Every structure is written in C-alpha cells, then in structure tokens.
1. Kindly give the semi-axes, whole Å and largest first, of the ellipsoid equivalent to region 284-369, taking each as the square root of 5 times a Cα gyration tensor eigenvalue.
2. Applying a 10 Å radius around every beta-carbon, put 418-425, 207-214 in order of their mean neighbour count, most first.
3. Show me, for region 266-282, the HN-Hα J-couplings you get by feeding each phi into the Karplus relation (A = 6.51, B = -1.76, C = 1.60, θ = phi - 60°), rounded to Hz, glycine and proline as x.
4. Between region 247-268 and region 270-306, what is the separation of their alpha carbon centroids in Å?
5. Please compare each pair in Lys228/Lys379; Lys186/Lys414; Lys100/Lys188 to a cut-off of 32 Å on the Cα-Cα distance and tell me which ones are over it.
6. Could you work out Rg/(2.2 N^0.38 Å) for region 170-230, with Rg from alpha carbons only?
7. Taking amide hydrogens as modeled 1.01 Å from N in the peptide plane, which residues meet the under 5 Å criterion relative to Cys166, leaving out close sequence neighbours?
8. Tell me, what ³J(HN,Hα) does each residue in region 183-200 have, in order and in whole Hz, if you take phi through Karplus 6.51 cos²θ - 1.76 cosθ + 1.60 with θ = phi - 60° and put x for Gly and Pro?
Amino acid sequence: MNSRRPAILQALAVAMLAIGVSAAPAAGKDKPKGKPGVPDKTLQKRIDLAIKRGAEYLRAVQKQSGKIGGIVSRAGGTHSDYGIGTTALAGLALIAAGDKKGDECLDKAMAFCMRRDKELAAGGSRTTYETGTLLMFIAAYHHGKGKVKKGRRRKTVTAKDKGNPCKLPDDAKAWMRDLALWLVSKQKDGGGWGYPKTRQDLSNTQYALLGLRAARDCGMTVPGRVFKRVAEHMLETQEQDGPKVLRTVGGTKKNDPVYKVSAGDRARGWSYLPNPYLATGSMTTAGIACLAICHDALTRPRKLPIYSAQMSVKVRRAVQDGFAWLDVNFTVQRNPPGNAPAWHFYYLYGLERAAILAGRVLIGQHDWYVTGARYLVGKQLDNGRWSTGSLGGGAHFEASDMLDTAWAILFLKKATKPMPPIQAPVVTPEQGAKPVK
C-alpha cells in the first residue's frame with residue numbers, strides 16, 4: 001500500500017473543509033488507468049507512426065506552387081480558395097511533426113503564403129481565418145531552430161534578442177505587424193470577428209485571437225482593450241444557465257484519489273452564433289480558448305487595470321462551466337452533442353487547444369488526450385490521411401482530408417503552446433455550494 005495515500009487523503013479533506021464543501025469518493029470504474037494524459041508505450045509508438053505518416057501525406061499533396069489544400073467559397077457573392085489558410089494550417093502540422101525552416105516543403109508553403117497574402121492585401125480581400133492561421137504559421141516557422149548549414153554554429157541568444165523572441169528577420173517582423181494590425185482593425189463593435197465583412201461569429205473570433213496570441217508571443221504589441229472586449233463578448237454569449245455538475249477533484253496523478261464535490265459548476269456551452277443556435281463541442285472549446293487567451297493577455301506580463309478582479313472571477317467561472325459542459329457531453333467520436341453539425345476533427349483540435357491553454361489534464365474524469373489519441377490512430381487510412389468528409393464532397397474531397405489530417409496531427413502532437421493554468425474558482429457555502437448527498 002502506498003504509505004503517502006492516507007496523508008494525501010487527509011490533505012484533500014482539509015482543503016475541502018476549508019472551502020466549505022463536503023465530498024464523496026468518485027466511482028472507481030471511471031478513474032483513468034495509468035498516469036493521466038500519458039499514453040502507454042504501445043500507444044505512443046502508434047501515435048508517433050501516425051504523425052509521421054500523416055506528415056508524409058501532407059507533403060505528397062502539396063502543389064508545385066507550394067499551396068496545400070484550398071477551399072472554394074462563393075458565399076456573399078465573393079470568391080476565395082482559402083489557399084493561405086489551408087497551407088498555413090498544413091505548415092503548422094508539419095512543424096509539429098518535426099519539419100523545420102529550411103525543409104523544402106515548408107519553405108515552399110511559406111513562400112506561397114507570402115505571395116498570396118500580398119495579392120489579397122493589395123486587393124483588400126484578406127480574411128480572418130487566413131490571417132489568424134498565417135500569424136501562427138509565421139511564428140512557428142521562424143521560432144523553430146531551423147537547419148544549420150554545415151560548418152556553421154548556431155548563434156547564441158543574447159539580451160538584444162529578447163525583444164524579438166521568435167527571432168524574426170526584419171521582413172517577417174514587418175509582415176506579422178501588418179497582419180496583426182489588420183486583425184485589430186477588423187474587430188467588430190460587439191467584440192468578435194467576422195469573415196470580416198459578415199456578422200461576427202465564434203469560429204472567426206477564435207482564429208483571430210489565436211493569430212493575435214502568436215503576434216504577442218513574437219513581441220508585437222496588441223492593445224489590452226482588444227482582449228477585454230472579446231472577454232466581455234464571450235461572457236455575454238455563453239449559455240446563461242445549465243444543469244448542475246459535480247466538480248472532479250484529484251486524479252491528475254497516478255494513483256491520485258478522485259473526489260466529486262458540489263462547487264456551483266453548471267454545464268454552460270457556446271454556439272457558433274448566440275441563441276437560438278445549438279451549443280456544440282467545437283464552439284465550447286473555442287469559447288474556453290478565447291477566454292484563456294484573453295485572461296493571459298490581460299494578466300501577463302502584468303495585470304492590466306482594465307481587467308478588474310470581478311471580471312477575472314467571471315472569466316474563471318465561465319471557463320470552469322465550459323469544461324463542465326464538455327464533461328457532461330464528452331466524446332471523441334463526434335462533435336458533441338449527438339445532433340451537432342459536422343466538423344469532427346475541428347472539434348478535436350479545439351479540445352486539445354482548450355485543455356492545454358487552460359491547463360486541464362483531465363476533463364472531469366475523462367482523459368481527453370489518451371482517449372482522443374487512441375481514437376485517431378485507429379481511424380487513420382492506409383495512405384496516412386484522415387477523412388471525415390466534413391466539408392462535403394465525400395471521403396476523397398481533397399480539402400476536407402487535408403484539414404482533417406492537419407487537425408489530427410496537431411492533436412496527437414499536443415501542438416498548442418501552454419500558458420499558466422486558469423484555476424477553477426473556489427466556492428464557499430455562501431456562494432451556493434452544497435454538500436454532496
């Protein structure tokens with residue numbers, strides 16, 4: 001028997017009494033096996049092979065121009081192939097798989113994105129999805145170690161490099177700054193983003209924030225008010241009520257005891273557009289990610305005065321309730337709930353992103369990574385691609401398969417850069433917590 005177990009249980013009980021919450025042990029059958037979030041050796045080998053084969057597929061479908069994928073859209077009387085967005089996403093997946101600046105496929109992809117973005121910028125036809133994804137791609141492309149020519153040593157990072165953490169050359173720095181300023185200029189009055197000429201929606205808003213986060217990580221200045229407006233928008237558009245959900249405490253380490261406590265959590269998700277649209281897994285993970293990015297931007301490197309303590313508490317509550325929704329509706333086999341629209345692997349990448357950005361190894365008692373990884377390695381096709389047909393056109397629709405493959409690699413590699421965890425709000429009896437019966 002583990003000699004530390006009684007001490008751990010006693011410490012946990014004292015902590016629960018401190019916040020005025022009683023607890024009962026959770027059912028053992030739901031407790032994750034092994035160390036949460038860590039695949040066993042057999043599964044890890046399958047994951048590594050799946051990532052390698054998926055990357056080979058993405059390289060194989062790259063066109064001579066450097067473009068990978070592309071989605072034709074004629075919505076609203078416009079025409080776009082979204083070639084930058086799909087190529088940048090594929091580039092991110094290839095970097096996650098181990099490709100670096102200097103590799104032919106990656107260099108061709110970046111060159112295509114640069115040429116195409118200049119054309120779109122000149123014609124005033126940039127889009128939010130592409131700009132956000134492109135910012136992530138540029139940051140990852142230059143921030144990687146890259147290849148060192150034979151006979152040369154890699155430069156040591158010095159104090160003067162700290163203002164340029166991604167080691168961007170001057171042209172890339174200017175390009176990122178221009179892209180970030182464009183996104184800031186396209187933020188809607190309501191706090192979100194559209195395509196950009198359409199009404200704001202949560203999916204565009206998420207990718208705009210992902211891009212702005214990448215820009216900040218590379219030393220760009222983004223006004224704090226941008227993130228405050230998004231946070232306010234996310235608080236307003238989350239479901240205002242939902243069923244009560246017991247909070248899972250513990251279980252984040254091997255043999256760690258698991259308890260369920262009543263802490264005022266309610267399952268409250270997000271939808272693509274506000275009510276009466278359906279809350280879904282893909283949009284609830286997007287809502288969590290948006291709040292996590294905003295919280296980080298408003299508190300680091302220092303807490304901004306515009307981010308009040310009251311608002312911080314509301315954000316932490318909203319994030320916790322978002323995870324409660326994911327706990328209640330948890331699955332990796334579709335975009336939940338059961339009658340949600342498609343975008344299955346878009347949801348899985350969102351699940352990875354939300355959990356890492358907010359610092360969750362488990363969602364409730366669900367080991368989201370091991371469960372998702374086991375599902376994905378079992379669904380990979382013989383030529384290395386994944387295919388859900390989420391964009392229509394059947395299982396062999398090029399853009400759909402390319403996107404599914406990129407999203408699968410990004411999930412399997414846990415490609416999202418983590419941030420300090422967002423702690424779940426502590427709830428006292430006066431705030432509505434009740435002992436578990």
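No lab work stands behind these numbers, since they all come straight from the coordinates. What you are looking at is a predicted structure, and each value in this text was computed from that prediction instead of being measured. Cβ: placed from backbone, ideal geometry, glycine included. Neighbour counts: every protein chain shown.
1. 26, 12, 11
2. 207-214, 418-425
3. 10, 6, 10, x, 10, 10, 4, 10, x, 2, x, 5, 6, 6, 10, x, 5
4. 22
5. Among Lys228/Lys379; Lys186/Lys414; Lys100/Lys188, the Cα-Cα distance tops 32 Å for Lys228/Lys379; Lys100/Lys188.
6. 1.08
7. none
8. 4, 4, 5, 9, 5, 6, 4, x, x, x, 10, x, 7, x, 7, 8, 5, 5
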